[in-house]
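Q: A single structure is presented below for examination.
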Amino acid sequence: MNVKLAPKSGFCFGVKRAVDEAIEASNSFNKRIYTLGPLIHNNSVVNYLIENDIHPIELKDINELNTGDVIIIRSHGVPKAVIEELDNKKFNIINATCPFVSNIHKIVNKYYNLGYGIVIVGDSNHPEVIGINGWCENNAIISSGGENLDSIPKKICIVAQTTEKKESWEKVLNIVTKKAEEVISFNTICTATAERQRQADELSKQVDVMVVIGGRQSSNTTKLYEICKRNCKNTIYVENSGEIPEEIINSKKIKKIGVTAGASTPDWIIKEAILKMSDEKNLEMNEQLAYMEEYDKRVAVGDVVKGTIITINEKQAFLNIGYKADGLLPLEEVSKDPSVNLNDLYKVSDEINVKVISRRNEDGYVVLSKIEIERQEAYEALKQAFENKSLVEVEVREVVKGGVLAFYKNVRIFIPASHLELYHIEDLNKFVGENLEVSIIEYNQIKRTTKIVGSRRSILKVEQKKVQDSTWEKLEEGQIVKGEVRRLTDFGAFLNIDGVDGLLHVSEISWGRVSKPADVLKINDIVEVCVLTVDKEKRKLSLSLKKLVENPWENVETKYPIESVVLGKVVRFCDFGVFIELEPGVDALAHISQISHKRINKPSEVLEIGEMVKAKILDVNKETKKIGLSIKEVNEI
Ligand code: F3S
C-alpha cells in the first residue's frame, strides 16, 4: 500500500527548539531538570524526557524546588507574573517559549500599556492563551468563534493563538472591526500550523485513509484531524503506530494512505507509523522516510532560497522558505543603513531571494541575508569588469594606509593613493564620500578572501591626454596664462597650465634676486605667468613671472638722476664695497672708499645687512646695469 506523508509534518521548529534545549540542559547541568507542565503534548516524548531525567512539574508544586534548580518554560510560554515568580525564587530559568509566542507577548503588553483592549482569538483554556492573557493583566477578551464580543472597548488590539484556524480568525476580526472604532490587528497564526493544515487538507482529499498522529491534548493535532475528517471520512487519530488498527495495516482494499502529524509529534513516531503501514517493511530507503531526512538537510549555509514574507516590522522580516524552520531576515542583512525601515522595502506575501547564512540561530530560525546575495552579484560584476577591462562606479568610504577603501555594493575595493590622481595628493580625505569611476586592475581570489584593487590612473590618463592635446594647440609665446604650482625645486617651479606642465625658472620669477623658488611660491598657488617659449614637438614649455612686471633697468636714468640722494637697503658685502638695493632688481654699488670718512678695512665695520642707508648717485649705466653710490657724502660715518 502506498503511504504518503504531508511534507510539513511533525515537530515545528518551536517545539524542536524546546526539546533540544531541554536535552542540552540535562547534559550540561547533570542533574534533574524540570519543565513547567509537560514540555509538549505528546506522551511518548514526555516519557522519553523522563528517561533523560527531565520531569514535568506544575506551578502549584514549585515550592518543592530549591534555589538554583533548573526549570524550563515550554514553547507555549507563560504569563509575565509566572516568570517574575520563578525569578524571585532564584531558579535557573531556561525560557524555551517559541519566538512566535514571545512576539505575541510583546505586542499584547505594548498595546495594553497604550490603552488598547486586547482580543485573543483562541481557546481560553489553552496554556498558550492563558500565557498571552498574562501579559495584559488577564484582561483580554478571548473568543474562538465570535463569542464574548458583545461589548468591547473602542480601541482594540487583536491577536490569535498560534494554532488557531484561519476561519476563526477572520470571523472574530470581522466582528471586532465592525464594533470597535480603532482596530490594530496582528495575524499571529503560525505559518507552521497554517501550512500543516493546508497540506493536510490537500492530502486528505487524495487518499483512502488518513492517519493523523499526535498527542490527545495537542490542539494543533486535533485541528488537523478535524480538517482531514471533512475530506476523508476514514480519518483516524492516533498517538503512535501501536494505535493504528490492524484492519488498516492488513487491508487489501486500501490503496493509498495519507499521513500527517501535529507540531509536537517527533520524527521517530512518524517513521514507525509509516514503516508499519508501508508495503516495504525493511524500508531504509522508503521514499517518504528519505524525503523526511532530505527535508531536514535541505537548507545549507550558502544556499540561495526563495522565501515568502510572513510577518514584517521595521527591523526584521520572517519568511517561509519551504523548510521546517522559518527564516529570519534582519535589517542589517538588508541594508547597512540603520535608518532604513524594512516596511518601506517589503510587505507581507512578497517573494524574495535570500541567502542562508546560518541554519539555526539561538531562537531556531534560519538566518537569511539579502546583502550576501547582492555581494555575490557584485563580486561577479567586478570579476567581469576585471576581465573585460570595463569601468565600475565605486563609493569611497575610508582612508587607509597607502590609499582608500571604496565599495561597490558592499564589496571592498582598495585604491592605492598613486592610482587616485596623476599627481601626489597630500590629504586623501578629500575623496571620502565621492563616487569615482575606476577600472579593476587586480581581482585575486586567495583561499576564502578576494583581493580587489581599483585604479583611476588609466581613466585619468586618457582624459588628461585629451586636455593636454587641446592646451598644446592653444599655447603661443607671449600669452598670459594661469597656472597652478605643483612642484618646487631649487632651479625653478613647475606649473600646471590646463593639464600641461611648464617650467618657471628661478631666474624668471623676479627681476630681483630670488635664491630659491620656495621663498616666493607655495604648492597650489595659482599665478599668472607669461609663456616664454613653446616647443610643441618636444612638448616643452617655459614660463616667466617677471615678464609681467616692467624691467626696472628700463628707465633707470630717469628714476635715479646723478647727484640725487636715495634711500636703499644694504643687501650684500664684498671686499671692494657694499651693494645697496634701490628697488627689487636694481642693486647699486658703493665702493669701500665711498662708505665712510674714516679708514675702514671692510664695509661690515660700519654697516649691517638689512640696514637702510641714504646715498648719493654718482653714476648710472643702463647698458652694463651698474649704478655707483656714495654713502659718506650724505652721512657722517
Ligand atoms: Fe511556535 Fe508555531 Fe510551533 S508558534 S511552537 S513554531 S506551531
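The values are calculated or read from the model by the stated rules, or taken from the named source; none is laboratory data. None of the values given here were measured: they were computed from a predicted structure. Positions of Cβ are backbone-derived with ideal geometry, glycine not excepted, and every protein chain shown enters the neighbour counts. To get the accessible areas, we keep the full protein, side chains included, count just its heavy atoms, and leave off ligands, DNA and RNA. Shrake-Rupley method; radii C 1.70, N 1.55, O 1.52, S 1.80 Å.
Q: Taking segment 48-76 as the region of interest, how many residues are among the charged types (D, E, K, R) and either within 16 Å of the ligand (Cβ to nearest atom) or under 44 Å from the mean Cα position of the chain (by Cα) (or both)?
A: Pass one, segment 48-76, residues among the charged types (D, E, K, R): 51, 53, 58, 60-61, 64, 69, 74.
Keeping just the survivors that are either within 16 Å of the ligand (Cβ to nearest atom) or under 44 Å from the mean Cα position of the chain (by Cα) (or both) gives 69, 74.
Selection size over segment 48-76: 2.
Q: Considering only segment 221-238, state which residues are under 22 Å from ILE189 (Cβ atoms), open to solvent by 20 Å² or more (accessible area, probe 1.4 Å), out of contact with any Lys or Arg (no Cβ under 7 Å at 6 or more places or on another chain) and of a type in the set (S, T, N, Q).
A: THR222
Q: Considering segment 148-170 alone, what residues qualify as being more than 16 Å from the ligand (Cβ to nearest atom), open to solvent by less than 80 Å² (accessible area, probe 1.4 Å), of a type outside the set (Val, Ile, Thr) and assigned to a loop (DSSP other than H, G, I, E, B)?
A: Selection gives LEU149, PRO153.
Q: Next question, about the same structure. Quick one: which residue in LEU382, LEU436 is under 11 Å from GLY454 (Cα atoms) and in contact (Cβ under 8 Å) with a residue 60 or more places away in the chain?
A: On the way: LEU436 fails: in contact (Cβ under 8 Å) with a residue 60 or more places away in the chain.
It is LEU382.
Q: Now for a separate question. Is it the case, given these coordinates, that ILE72 is assigned to a strand (DSSP E or B), without any contact (Cβ under 8 Å) to a residue 60 or more places away in the chain and buried (at least 23 other Cβ atoms within 10 Å of the Cβ)? Give the steps one after another, and end with the answer.
A: Working: assigned to a strand (DSSP E or B): yes; without any contact (Cβ under 8 Å) to a residue 60 or more places away in the chain: yes; buried (at least 23 other Cβ atoms within 10 Å of the Cβ): yes.
Yes; evaluated as a whole, the condition is true for this residue.
Q: Just to be sure, is VAL176 farther than 18 Å from LYS166 by Cα and either in a loop (DSSP other than H, G, I, E, B) or touching a residue at least 40 places away in the same chain (Cβ under 8 Å) (or both)? So that I can check it myself, show each step before the final result.
A: On the way: farther than 18 Å from LYS166 by Cα: no; either in a loop (DSSP other than H, G, I, E, B) or touching a residue at least 40 places away in the same chain (Cβ under 8 Å) (or both): yes.
The answer is no for VAL176.
Q: Out of the residues in segment 331-379 that are in a helix (DSSP H, G or I) and of a type in the set (Val, Ile, Thr), which is least open to solvent (accessible area, probe 1.4 Å)?
A: Per the criteria, the residue is ILE371.
Q: Under the condition of being hydroxyl-bearing (Ser, Thr, Tyr) and more than 14 Å from LYS223 (Cα to Cα), which residue from segment 233-264 is farthest from the ligand (Cβ to nearest atom)?
A: Pass one, segment 233-264, residues hydroxyl-bearing (Ser, Thr, Tyr): 235, 237, 241, 251, 260, 264.
Now narrow it down to the ones that are more than 14 Å from LYS223 (Cα to Cα): 241, 251.
Values: SER241: 23, SER251: 33 Å.
In this case the residue turns out to be SER251.
Q: Of the residues SER102, SER144, which single one is among the small types (Gly, Ala, Ser), open to solvent by 30 Å² or more (accessible area, probe 1.4 Å) and in contact with a helix residue (DSSP H, G or I) (Cβ under 7 Å, 6 or more places away or on another chain)? Break it down stepwise before answering.
A: On the way: SER102 fails: in contact with a helix residue (DSSP H, G or I) (Cβ under 7 Å, 6 or more places away or on another chain).
Being among the small types (Gly, Ala, Ser), open to solvent by 30 Å² or more (accessible area, probe 1.4 Å) and in contact with a helix residue (DSSP H, G or I) (Cβ under 7 Å, 6 or more places away or on another chain) holds for just one of SER102, SER144, which is SER144.
Q: Looking at segment 407-437 only, could you name the residues that are part of a strand (DSSP E or B), in contact with a Leu (Cβ under 7 Å, 6 or more places away or on another chain) and surrounded by 14 or more Cβ atoms within 10 Å (Cβ to Cβ)?
A: TYR408, VAL411, ARG412, PHE414
Q: Condition first: within 17 Å of PRO38 (Cα to Cα) and touching a Leu at 6+ places or on another chain (Cβ under 9 Å). Now tell me which residues in segment 4-21 satisfy that. Lay out the reasoning, then the answer.
A: Restricting attention to segment 4-21, the residues satisfying the condition of being within 17 Å of PRO38 (Cα to Cα) are 11-12, 14-21.
VAL15, ALA18, VAL19 - these are the residues of segment 4-21 that are within 17 Å of PRO38 (Cα to Cα) and touching a Leu at 6+ places or on another chain (Cβ under 9 Å).
Q: Right, here's the next one. Could you please let me know if LYS536 is among the basic types (Lys, Arg), modelled with pLDDT of 90 or more and open to solvent by 80 Å² or more (accessible area, probe 1.4 Å)?
A: In short, yes.
Q: Kindly provide the set of residues from segment 1-47 that are away from the ligand (no atom under 13 Å from the Cβ), open to solvent by 10 Å² or more (accessible area, probe 1.4 Å), part of a helix (DSSP H, G or I) and touching a residue at least 40 places away in the same chain (Cβ under 8 Å), ordered by number.
A: PHE29, ASN43, SER44
Q: If you take the residues of segment 77-93 that are open to solvent by less than 30 Å² (accessible area, probe 1.4 Å) and more than 13 Å from GLU137 (Cα to Cα), which of them is farthest from the ligand (Cβ to nearest atom)? Don't jump to the end; show me each part of the working.
A: Here is the first cut: in segment 77-93, the residues open to solvent by less than 30 Å² (accessible area, probe 1.4 Å) are 77-79, 82, 86, 91.
Filter again for more than 13 Å from GLU137 (Cα to Cα), leaving 77, 86, 91.
Details: GLY77: 9, LEU86: 20, PHE91: 23 Å.
Once the filter is applied, the top-ranked residue is PHE91.
Q: Which count do you get for residues in segment 94-105 that are more than 14 Å from the ligand (Cβ to nearest atom) and assigned to a helix (DSSP H, G or I)? Outline the logic, then answer.
A: Here is the first cut: in segment 94-105, the residues more than 14 Å from the ligand (Cβ to nearest atom) are 94.
Those left that are additionally assigned to a helix (DSSP H, G or I): none.
Matching residues across segment 94-105 total 0.
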